[in-house]
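Some notes on the structure that comes next.
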Amino acid sequence: MKKKLMLFLLAALMLTTSALAVQIPSDLMDALYAGQGEPVTFTIKEDAFHAFSDILGPGAQYAAIIENPGTTAASVSKGELQLLDKDGAVVSTIALYGSTPYEVAPGGVAYVIQDYITLSEEDAARVASYKATINGFAYDEEPAQAAELPVTSAYTQEEVPNYFDEGKSYEGRVTVQIENKTAATAYDVQVISVLRGKDGKLLTITTSMAHDVGILPGTTIEMRNPASSGLVTKLVEQQTEPVTAESFAFLAPAE
């Protein structure tokens, strides 16, 4: 339980702070996963990387759908995203931590999202490709796994005022309705929305959590799951903006 709490705090830190500004000591990460099961390398089924600029300046985002190739449940411990130039030289290396859901069933999928990657305009211009590896560990005993609540969702976007330059700016969001069909109040539900373009290609994954919010049994709430304005604006300019959204709502298992 203590390890899960530390991982939750780490994930919160990574979601609210620039990825390259957070230096996680390797001995801390080793301590978090010491004594766990056999190592696992997750299969990356789909992923996407985008460099763009927004109100915070130049930056980037990485998202992946991963699969547990093993025969027992497993969890992500850490991974690595390498950004490469046209000659294959490393421009930057970004650490990847955790997934949603945390426990991944055999053959099951999870979602890895790294927002707020700090990347200068010069380095962004150098990036020609990328490669990622995502590792974890198998459980010796079957863990309790996140429950999935029924959802419906729809993606919308609109042009918004741009106060910083003469270009156009866009915002995109997924509106998600979550129904609680269980007999207990569902607290802290986490929503994942997978956004795809007209060709079906993965563009990005967005996430939001209903912090300290409970969904009463038999009721439904509506949440907004926003996409990065800078990314949406870039995709609209490239005429590759999202057209579909598939959403999932996860309820963490009770300790």
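Every read-out reported here was derived from the displayed coordinates using simple, explicitly stated rules and does not represent laboratory data. Values in this document were obtained by computation on a predicted structure and should not be read as measured data. Positions of Cβ are backbone-derived with ideal geometry, glycine not excepted, and every protein chain shown enters the neighbour counts.
For region 155-212, the list of GluC sites (Glu not before Pro) that fall in a loop by DSSP and count at most 14 other C-beta atoms within 10 angstrom reads Glu166. Label sites at Gln177 and Asp140, each approximated as a point 7 angstrom past Cα along Cα to Cβ, lie 4.7 nm apart. Taking 0.36 nm per residue of sequence separation and removing the Cα-Cα distance, the Gln82/Glu246 pair yields an extension gain of 56.3 nm. Evaluating 6.51 cos²θ - 1.76 cosθ + 1.60 at θ = phi - 60° for every residue in region 141-150, the Karplus couplings come out as 10, 5, x, 5, 10, 5, 8, 10, 9, x Hz, glycine and proline recorded as x. Qualifying trypsin sites (Lys or Arg not before Pro) in region 171-228, where qualification requires a DSSP coil assignment and no more than 16 other C-beta atoms within 10 Å, comprise Lys181, Lys198, Lys201. For region 147-251, a Kirkwood radius taken over Cα pairs fed into Stokes-Einstein (25 °C, viscosity 0.890 mPa s) yields D = 168 µm²/s. Give the Debye-formula value of log10 I(q)/I(0) at each listed q (0.19 Å⁻¹), with one equal scatterer per alpha carbon of region 26-181, two decimals each. At q = 0.19 Å⁻¹ the computed log10 ratios are -1.21. Cβ crowding within 10 Å, taken as a proxy for footprinting-reagent exposure, orders Ile113, Ile44 from fewest neighbours to most as Ile44, Ile113. The local environment of Thr71, defined by Cβ-Cβ distances under 12 Å, has a net charge of -2 under the rule Lys, Arg +1 and Asp, Glu -1.
Close amide H pairs (under 5 Å, H built 1.01 Å from N) link Thr182 with Gly218, residues at least 5 positions away or on another chain. Extension gain, Asp54 to Ala147, is 30.0 nm, computed as 0.36 nm per intervening residue step minus the present C-alpha separation. For region 41-189, the tally of Lys pairs with Cα-Cα distances below 24 Å comes to 5, considering only residues 8 or more apart or on different chains.
From helices alone, the chain scores -4500 deg cm²/dmol at 222 nm; the rule is -39500 (n - 2.57) for each run of n ≥ 4 DSSP H residues, then divide by the residue total.
At R0 = 45 Å, how high is the FRET efficiency between Tyr187 and Tyr163 if r is their beta carbon distance? Nearest 0.05 is fine.
Calculated value: 0.75.
Hydrophobic, long helices, defined as DSSP H runs whose alpha-carbon span along the helix axis is 20 Å or greater and whose mean Kyte-Doolittle value is at least 0.5, occur in the chain at 2-16.
Net charge of the neighbourhood of Asn180, taken over other residues with C-beta under 14 Å away and scored Lys/Arg +1, Asp/Glu -1, is -3.
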